[in-house]
Amino acid sequence: MKKLLLLGDEAIAQGALDAGLSGAYGYPGTPSTEIVEYIQRNPEAIEKNIHRTWSANEKTALEAALGMSYAGKRTIVTMKHVGLNVAADSYMNSALTGANGGVIVAVADDPSMHSSQNEQDSRFYSKFALLPAFEPSDQQEAYNMCFEAFTLSEKYNLPIMMRLTTRLAHSRAGVARKKVLAENEMSFPQNRDQFMLLPSFSRKKYQKLLDTQPELVKESENSKYNEYFDGNDKSCGVIACGLAYNYLMENISDKDDFPILKIGQYPLPRKQIEKIMAECDEVLVLEEGMPLVEEMLKGYIPTGTKIKGRLDGTISRAGELNPKTVRKALGLPEIPSEEIPTSVVGRPPALCDGCPHIDTYNAINEITKKCGKGHVFSDIGCYTLGYLPPYNAIDTCVDMGASITMAIGAADAGLFPSIATIGDSTFGHSGITGLLDAVDKKANIVVVIMDNDTTAMTGMQDSQVNGRIEKICLGIGVDEKHIRVVTPLAKNHAENVKIFQEEVDYNGVSVIIPRRDCIHLFKKRR
Amino acid sequence: MKKDIILAGVGGQGILSIATIIGYAAIESGLKLKQAEVHGMSQRGGDVQSHLRISDSNVFSDLIPHGAADIIISVEPMEALRYKPYLSENGWFITNSVPFVNIPNYPAIENVISDIQNCKNNIVFDANQIAKDLGSSRSMNMVILGAASLFLDIAYEKLEEGIKFIFGRKGEKIVETNLNALAAGRKFAEENS
Ligand SMILES: Cc1ncc(C[n+]2csc(CCOP(=O)(O)OP(=O)(O)O)c2C)c(N)n1
Ligand code: SF4
């Protein structure tokens, strides 16, 4: 069959589809978004009516996937690295309930923070949860691993993590497909208590999970994704995880003859690790993200073989790997290259011309002109760019939903006015519970829900709250008189400022909803 | 055969179409390929880049190493220069000369152009004008691709097929406009390199 030209994300999606997927869940987040998007537009998935909608957040997505697994079907749930923080409760507990139908938790990490508020290494979660993980080095492996992960998941009744990073998620290459498998029939879990985590059951389940670990290590030792390449030069061996293997291969030549251990499946293959540690004087660890393998090898008090990597400064502690950093770590001479000419300046991203958020921030700035800066708690989305000049309109961005809750805390501390700005999708993701807190505590805050009718930042996915924001606020208990909908347009500026001022003056929870389509959505709809 | 290509521009200028067409042509020519794109935050008017690696043997890294690119293809002059550290000693700059100014501190354009012209191999030209003369400003990116086609080691017809493949849905007329833009860019490069 002809190869498909697929992004790493799309290879994951195609692998899952071909292995009998029945449902995909997720919440958008760069660089993971294209997994679900691919399934949403894939003609075969549409024809088979594979479930493929976005969830309100990563936790609801993972739980829905567990439900599908409970019913015996194969499912994938997708998110970016910070999404796994939100879904961590379900992920950790899913290690005890395990899976019935196969479950893949696909998490895309973003080292160097190309489009993220922090960098994390999701392999730590899989180790924490004692769950197996795959880490592909290329698009074909991403496809193959995903295809096979369901079998492994169903063999041990455990969810499997697929960990990928930006460069693989967003890079295309040719991928060959395998023969398509049929979907599972619906079936109940074999034991009625499988998904019942009462303490008495949980203790047994935890022990079982611990007892399974040696078997999982054996799986890794026998896995074709953990490959040992012998070499005669034992002065320094290299362990290369996932994508790091490519940067290694990019730099070595025919003359090089040192042992290489390529890692693609976790828990770590003990036998191969012992071998490379025993036969080499030094071992260089190349891993994308944080020094997980390196720390495990070093232990708390280092002994024996010298380990080089991110902890001893051979490679920078932060940021993604690239061919140049790996070349340096291998001790090879730098390829000559020139500097960026001084005439080049940065071109930071900015709110688009005509963006509705601009008019909202212009109104808010009239308020903070009077009370001074430092009163606006914001959140994550396009509107975070309102921190930058010329707007300088907001003061914080921490994690999704934190605008409303931080505004509550600051108001409790005496800050007045205390204003939160949050996008519609972010409100649905994790703003609603914060608003409930505010209503319950009668917090004196103004919550501005910037409704552009879409999840713009990540590429226009639909947002779960669209069409029902006022009803949600009413239902939570916000006073109807203090739910104000405005149209953020320059011609309405004076009127909007007046409304903002009235709600700042009201002592209690106010919600203002500036409502106008994201300009790109507007163009598309026209 | 091995070509490492950096594609550069500003969000919305159409570099991903260039990448898709070269990618299509490479696959159709039986070559191996990796193409890393930058998505997300950088698309709100920020700089956009793509690493395109084509070879008849295995391609490992998705990213091109510093000092290794054979060609920098750019639809904006300052964005071309941004990737100079990637260019190999004998590499080529193929770039539009028309600046995209969406920042207050855009440098003097003469300096940008002369910085490019001081590099060993370069073609800097007004692709906007050529596209406009053909009656379709939007196909500026295909003019640039046409100029670059001279250095790609991929059959020109395969690039034409790529254009038909990606613009086919939009109708006969759009395909033809883009094919004309491709030819005009190539002609310019033939006469000026
Ligand atoms: C936990 C978590 N999940 C996902 C993301 C990725 N992400 C950043 S902003 C955003 C959505 C923004 O949508 P919205 O709030 O509607 O604002 P808009 O971009 O439309 O202005 C998403 C999904 C994230 N940063 N954190
Ligand atoms: S994509 Fe939409 S919401 Fe985001 S900055 Fe542009 S207009 Fe505003």
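Every number here is computed from the coordinates shown, using simple stated rules; none is lab data. Here the structure is a predicted model, which means the values were calculated and not measured. For neighbour counting, all protein chains shown are included, and Cβ atoms are generated from backbone atoms with ideal geometry for every residue, glycine included.
Taking the fewest neighbouring Cβ atoms within 10 Å as the starting point, the ordered list for A:Thr78, B:Thr95 is B:Thr95, A:Thr78. Enclosing the Cα atoms of chain B in their convex hull gives a volume equal to 116 cubic angstrom per residue. When the alpha carbon coordinates of the stretch A:3-219 are projected onto the principal axes, the ranges are 49, 39, 36 Å, largest first. Over chain B, Cα pairs under 8 Å with separation of 6+ residues give a relative contact order of 21 percent. Working from Cα pairs under 8 Å separated by at least six residues, relative contact order for chain A is 12 percent. Relative to the longest principal axis of chain A, what angle (0 to 90°, nearest 10) does the C-alpha long axis of helix A:493-505 take? So the helix axis and the longest Cα principal axis differ by about 90 degrees.
Look at B:Thr20, A:Thr166 and count the other Cβ atoms within 10 Å of each Cβ; fewest to most, that gives B:Thr20, A:Thr166. Note on A:Tyr300 and B:Gln117: the model spin-label points, each 7 Å out from Cα along the C-beta direction, lie 6.7 nm apart. By other beta-carbon atoms within 10 Å, ranking B:Met140, B:Met1, A:Met79 with the fewest at the front produces B:Met1, B:Met140, A:Met79. Compute a Gaussian network model of chain B, connecting alpha carbons closer than 10 Å, and tell me which residue from B:Gly135, B:Gly91, B:Gly14 fluctuates the most. Taking springs between Cα atoms under 10 Å, the residue moving most is B:Gly135. Take every Cα pair under 8 Å whose residues are at least 6 apart in sequence, average their separation, divide by the length of the stretch A:441-526, and the relative contact order is 49 percent.
Note on A:Lys271 and A:Val398: with the Förster distance fixed at 35 Å, the Cβ-Cβ geometry gives a FRET efficiency of about 0.20. For the stretch B:2-192, DSSP calls about 50 percent of its internal beta bridges antiparallel.
Of the three principal axes defined by the Cα atoms of chain A, the extents in descending order read 77, 65, 50 Å. Here each label is just a point 7 Å from Cα along the line to Cβ, and for A:Asn49 and B:Ser137 those points are 4.8 nm apart. Residues of the stretch A:494-522 with amide nitrogen under 16 Å from the 7 Å Cα-to-Cβ point of A:Met460? The answer is A:517-522. Spatially, the stretch A:326-373 and the stretch A:23-62 are offset by 30 Å when compared through their Cα centroids. Could you calculate the FRET efficiency of B:Glu28 with A:Lys234 from 1/(1 + (r/R0)^6), where r is the beta carbon distance between them and R0 is 56 Å, rounded to 0.05? Taking R0 as 56 Å, the efficiency between B:Glu28 and A:Lys234 is 0.80. Using only Cα atoms, tell me the angle between helix A:356-371 and the longest principal axis of chain A; keep it within 0 to 90° and round to the nearest 10. So the helix axis and the longest Cα principal axis differ by about 60 degrees.
If I model the stretch A:199-295 as equal point scatterers sitting on the Cα atoms and use the Debye formula, what is log10 I(q)/I(0) at q = 0.14, 0.16, 0.21 Å⁻¹? Treating every Cα as an identical point scatterer, log10 I(q)/I(0) equals -0.57, -0.70, -1.05.
Does a label point 7 Å from the Cα of B:Lys173, set along Cα-to-beta-carbon, have any residues of the stretch B:118-136 with amide nitrogen under 19 Å, and which are they? The answer is B:131-136, whose backbone nitrogens lie closer than 19 Å to the label point. Computed on the Cα atoms alone, the convex hull of the stretch A:372-476 gives a volume of 89 cubic angstrom per residue.
In order along the stretch A:76-87, the phi-based Karplus estimate (6.51 cos²θ - 1.76 cosθ + 1.60, θ = phi - 60°) of 3J(HN,Hα) comes to 10, 10, 10, 6, 8, 4, 5, x, 5, 4, 5, 8 Hz; Gly and Pro are listed as x. Helix content alone sets the calculated 222 nm mean residue ellipticity of chain A: runs of n ≥ 4 DSSP H residues at -39500 (n - 2.57) each, divided across all residues, give -11500 deg cm²/dmol.
In this label model, A:Thr433 and A:Leu197 are separated by 1.4 nm, measuring between points 7 Å along each Cα→Cβ vector. Could you check what % of the DSSP bridge pairs in the protein assembly as shown are antiparallel, to the nearest 5? Bridges in the protein assembly as shown that DSSP calls antiparallel: roughly 30 percent. Cα centroid distance between the stretch A:439-502 and the stretch A:220-274, in Å? Each part reduced to its Cα centre gives a spacing of 54 Å.
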